[in-house]
1. In what sequence do THR160, THR57 fall when counting other Cβ within 10 Å, fewest first?
2. Which whole-Hz ³J(HN,Hα) couplings does the stretch 166-183 yield from phi under the Karplus relation 6.51 cos²θ - 1.76 cosθ + 1.60, θ = phi - 60°, glycine and proline marked x?
3. Tell me, in nm to one decimal, what length is gained between SER139 and ALA7 on full extension, where the rule is 0.36 nm per residue of separation less the Cα-Cα distance?
4. Kindly provide the GluC sites (Glu not before Pro) of the stretch 154-258 that DSSP labels as loop, not H, G, I, E or B, and whose Cβ sees at most 13 other Cβ atoms within 10 Å.
5. Mind checking the stretch 62-128 for trypsin sites (Lys or Arg not before Pro) that DSSP puts in a loop (not H, G, I, E or B) and that have at most 12 other Cβ atoms within 10 Å?
6. Assuming R0 = 35 Å, what is the FRET efficiency of ALA90 and VAL153, from their Cβ-Cβ distance, to the nearest 0.05?
7. Which loop chymotrypsin sites (Phe, Trp or Tyr not before Pro) in the stretch 132-223, with loop taken from DSSP, have no more than 11 other Cβ atoms within 10 angstrom of their Cβ?
8. May I ask for the net charge around ASN115, where only other residues with Cβ less than 14 Å from the Cβ of ASN115 are counted and Lys, Arg are +1 while Asp, Glu are -1?
Amino acid sequence: MSDRIVARIVWVLAALALGVTAFGVWYDLRNRLGDESPLFVADGIAWALLPAVFVLTGALIVSRQPRNIIGLLLMIPGLVILAAEVADLAFGSMAEGPPTQGLTPGLWIRLWFDNWSWVLLIFPIFHLMLVFPTGKLLSPRWRWLVGLEVGMVLFMMFVTAFSDEIGPLDVPEEDAWVIPNPIGFVPEDFFEGLFNTVWGAGLVAVTALALLAMVLRFRRAASVERQQIKWLLFAVSVFALIYGIAAVAGEGLESGGLGDLLFVFSLMGIPVSIAVAVLRFHLYDLDRIIRRTLLYTVLTGLLIGIFALSVFVIQGVVGGIVGEDSPLGVAVSTLLIAALFNPLRRRLQDLIDWRLYRSKYDAQRVIDEFVATARNEADMSLLSADLLDVVDQTVQPSLQGLWIKGAETQDA
């Protein structure tokens with residue numbers, strides 16, 4: 001199949017995904033979210049858009065690099081979620097209870113797919129970590145891990161097909177139901193005990209080895225590939241940070257909450273970062289993004305702390321004179337924050353550069369010193385020597401030279 005045909009197919013799938021997503025958002029706004037708070041509505045829309053983000057970023061990669069499996073791996077989870085949504089819209093939600101007409105072949109296929117399709121949400125991500133960003137394994141010695149992945153998926157498809165009872169998996173516990181499976185012979189208690197232990201060990205092994213593959217690839221990679229891996233690590237780190245904070249907060253991931261909204265945005269950041277890395281779009285902007293994120297996160301925290309402390313202190317000092325409800329404390333604190341913003345931002349930027357980007361910080365310092373020296377230096381030979389010294393400290397080339405028209409060349 002030619003690359004052009006592949007690109008057309010994936011864009012057709014992407015267009016269908018957009019259509020399903022648009023209909024789903026409209027359906028929710030009309031029937032489910034109309035009487036809820038704006039934050040709840042925004043959270044619902046964000047979750048509805050999530051699979052489309054995976055499909056679109058994957059389609060973009062496939063259309064630009066058809067031989068790179070990364071794009072296909074991104075599309076699979078999004079297409080699986082959208083397929084389940086289409087089934088619910090077309091045939092009704094399975095949370096409404098068992099059908100009155102009994103187990104038809106179409107319903108059996110739907111229930112069977114529902115019971116194992118969740119593996120298509122996680123195993124493409126595992127495999128993506130194995131082959132990111134080139135789409136190829138580190139070496140042929142890793143093929144056995146691919147065999148383990150395929151074997152686990154096929155095994156889950158088999159045992160769910162022949163379970164003695166079958167019912168929907170992704171429904172609330174109070175709405176759960178099962179019906180006898182006419183071709184089933186695997187007892188329900190098979191999925192407890194040993195199966196859980198072996199399956200869990202397999203998941204842990206695949207996860208750990210996928211992470212190990214990324215570490216090994218990063219250590220062996222050239223500068224461009226390292227920068228690509230940094231994009232993915234940055235997105236995963238943001239996701240882990242938001243998830244961790246929400247988990248510690250208890251109800252942080254409750255549907256319709258701010259934590260859940262940030263969580264889904266952090267999920268969206270993963271396919272977006274992968275697309276940026278694979279397509280190398282503004283690839284080297286990551287360091288600037290990290291620096292800005294660190295800077296304004298720390299700066300916001302400091303300013304909030306200073307504001308709260310100053311309001312408390314000022315209100316305590318002057319409260320007895322002008323009254324406890326006086327806006328003087330808030331007004332003075334606001335002026336203080338406005339005055340401190342730029343000095344604090346510069347100091348924090350210097351501190352972050354010095355601690356985390358020392359080479360860049362040192363290079364900038366050397367350049368600044370040379371500029372200051374050049375303003376007051378009239379001797380061209382001394383200025384040339386200073387310039388070569390700056391190049392040596394910042395760029396560190398194996399060979400350097402300076403050519404000035406009408407003067408002798410200096411080599412070092």
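Each reported figure results from applying straightforward, stated rules to the coordinates on display, with no laboratory input. Since we're looking at a predicted model, the values are computed, not measured. No Cβ is skipped: glycine too gets one built from the backbone with ideal geometry, and neighbour counts run over all protein chains shown.
1. Values: THR160 22, THR57 26.
Listing THR160, THR57 from fewest to most nearby Cβ atoms yields THR160, THR57.
2. Each residue of the stretch 166-183 in turn: 9, x, x, 9, 9, 9, x, 4, 5, 9, 5, 8, 9, 9, x, 9, x, 10 Hz.
3. Values: separation 132, 0.36 × 132 = 47.52 nm, distance 2.80 nm.
Net length gain for the segment: 44.7 nm.
4. Details: sites: GLU165, GLU173, GLU174, GLU188, GLU192, GLU225, GLU251, GLU254; in loops: GLU192, GLU251, GLU254.
Passing both the DSSP loop test and the Cβ count: GLU192, GLU251, GLU254.
5. Values: sites: ARG64, ARG67, ARG110; in loops: ARG67.
In loop regions of the stretch 62-128 (DSSP not H, G, I, E or B), the sparsely surrounded trypsin sites (Lys or Arg not before Pro) are ARG67.
6. Approximately 0.85, to the nearest 0.05.
7. Details: sites: TRP142, TRP144, PHE155, PHE158, PHE162, TRP177, PHE185, PHE190, PHE191, PHE195, TRP199, PHE218; in loops: PHE162, TRP177, PHE185.
Those that pass, being in a loop and sparsely packed, are PHE185.
8. Details: positive: ARG110; negative: ASP114, ASP164, GLU165, ASP170, GLU188.
Within the 14 Å Cβ shell, the charges total -4.
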